[in-house]
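Note sheet for the following structure.
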Amino acid sequence: MTRLKTVSGALLAAALFSLPLHAAEQTLRIGYQKSSTLLTLIKQRGELDKTLASQGVKVSWHEFSSGLPLLEALNLNNVDLSADVADTVPIFAQAAGANLTYYARETPSPNAQAILVPADSPINRLQDLKGKKIAVTKAAGSHYLLIAALNKAGLKFSDITPAWLTPADGRAALENGSVAAWVTWEPYVTSAKVEEHARVLTSGKGLASYQRYYLASTDYAKAHPDVLNAVYKSLESQAAWLKTHPADAAKILSPLWGKLPTSTVEQANAQRSYQIKPVKPTVLAEQQKIADAFYQAKLLPKPINAQAVNTWQPASP
């Protein structure tokens, strides 16, 4: 009997090890932030979880306050892939020596960022920002928009006083008058326009194209291209759904975005392209402009070659 049990145990172990690799459940850890619209919708609708569950992959979701700590967590192997972050964020991660892989991007949405001033503000031109205190989130896409806008006006970054604030604190500062202007992104731009009647001094049009990038740890991208492919296809599908069902998407996002009115959410989403494309070195020209601008402003410790990065390409349909 003992020998029979031993043989049976050996056969069971052999059978288990002979199963396909995906039979042993893996976990995909996804980091996202509140402005990660597509992956937020994917999370809420549960489609990716179901798709990957059939491949033996469980998804765990981890929310971050902004893009920079999200990519820091990715570099430290605390998450496996990130939702979209603004174009500036990978530059700072690259400067810090992070070994990350671009796996998708959203095409430009220049009107999804803006410099806002109060409705009755005497500031009417970019040149009027000289000497003013301006709320901006450090290393965010809006940070580059501010640099580009100041350059256009013939000003230097040292000509203004930055107030390094999160979007929520930036809005409060604009409302209480402790800053003269606020540089931010959607849905905060539309929300401030609708609720506080803030005025757009300039959008990113002609200044900053505002592409958003999706990244993965390089080790994970190399080991699990099939999982990345499933995520990429889910992003494409979700983007198409959002564009054809804007009201339904707004109903899902509204409670997650501080109970913004659904009409405000729809207006904000209309400013984003939500068009998913692969990342190739040839499309990283503006990333180089951003890197150069931050280095010249002494906000990066060394020059960065924005094309010296890893990219992953989706499988052909």
Which condition number does residue 315 fail, the rest of (1) closer than 12 Å to residue 103 by Cα; (2) of a type in the set (A, V, I, L, M, F, W, C); (3) in a helix (DSSP H, G or I); (4) open to solvent by 40 Å² or more (accessible area, probe 1.4 Å) being met? (3)
Which residue out of 124, 111 is more than 22 Å from residue 79 (Cα to Cα), open to solvent by 10 Å² or more (accessible area, probe 1.4 Å) and either in a loop (DSSP other than H, G, I, E, B) or small (Gly, Ala, Ser) (or both)? 124
Do you know which residues across the stretch 236-260 are exposed (fewer than 14 other Cβ atoms within 10 Å of the Cβ) and not charged (D, E, K, R)? 240, 244, 245, 247, 255, 258
Would you confirm whether any residue within the stretch 134-144 is over 18 Å from residue 65 (Cβ atoms), among the aromatic types (Phe, Trp, Tyr), over 24 Å from the mean Cα position of the chain (by Cα) and crowded, with 16+ Cβ neighbours inside 10 Å? no
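Among what's in the stretch 91-101 and is open to solvent by less than 30 Å² (accessible area, probe 1.4 Å) and in contact with a helix residue (DSSP H, G or I) (Cβ under 7 Å, 6 or more places away or on another chain), pick the residue that is nearest to residue 284 (Cα to Cα).
Our first condition is that a residue be open to solvent by less than 30 Å² (accessible area, probe 1.4 Å); within the stretch 91-101, this holds for 91, 93, 95, 98, 100-101.
If we keep only those that are in contact with a helix residue (DSSP H, G or I) (Cβ under 7 Å, 6 or more places away or on another chain) as well, we get 91, 93, 98, 100-101.
Working: 91: 11, 93: 15, 98: 17, 100: 15, 101: 13 Å.
Of everything passing the filter in the stretch 91-101, 91 is nearest to residue 284 (Cα to Cα).
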Identify all residues within the stretch 270-299 that are open to solvent by 10 Å² or more (accessible area, probe 1.4 Å) and in a helix (DSSP H, G or I); write none if there are none. 281, 282, 283, 285, 286, 288, 289, 292, 293, 295, 296
Residue check for residue 31: touching an Asp or Glu at 6+ places or on another chain (Cβ under 9 Å) and at pLDDT 50 or above: yes
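Tell me yes or no: at least one residue of the stretch 154-171 is in contact with an Asp or Glu (Cβ under 8 Å, 6 or more places away or on another chain), open to solvent by less than 60 Å² (accessible area, probe 1.4 Å) and within 30 Å of residue 315 (Cα to Cα). Give the steps one after another, and end with the answer.
Going residue by residue through the stretch 154-171, those that are in contact with an Asp or Glu (Cβ under 8 Å, 6 or more places away or on another chain) are 171.
Filter again for open to solvent by less than 60 Å² (accessible area, probe 1.4 Å), leaving 171.
Retained after the next criterion (residues that are within 30 Å of residue 315 (Cα to Cα)): none.
No, the stretch 154-171 contains no residue that is in contact with an Asp or Glu (Cβ under 8 Å, 6 or more places away or on another chain), open to solvent by less than 60 Å² (accessible area, probe 1.4 Å) and within 30 Å of residue 315 (Cα to Cα).
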List the helices (runs of 4 or more DSSP H) inside the stretch 160-244, counting only whole elements, that have at least 2 residues being touching a Pro at 6+ places or on another chain (Cβ under 9 Å). 167-176, 188-196, 225-244
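The values are calculated or read from the model by the stated rules, or taken from the named source; none is laboratory data. All values derive from a computational prediction rather than experimental measurement. A quick note on method: Cβ atoms are made from the backbone with ideal geometry, for glycine too, and the neighbour counts reach across all protein chains shown. The protein model used for the area step is the full one, side chains on, heavy atoms only, and it has no ligands, DNA or RNA in it. Shrake-Rupley method; radii C 1.70, N 1.55, O 1.52, S 1.80 Å.
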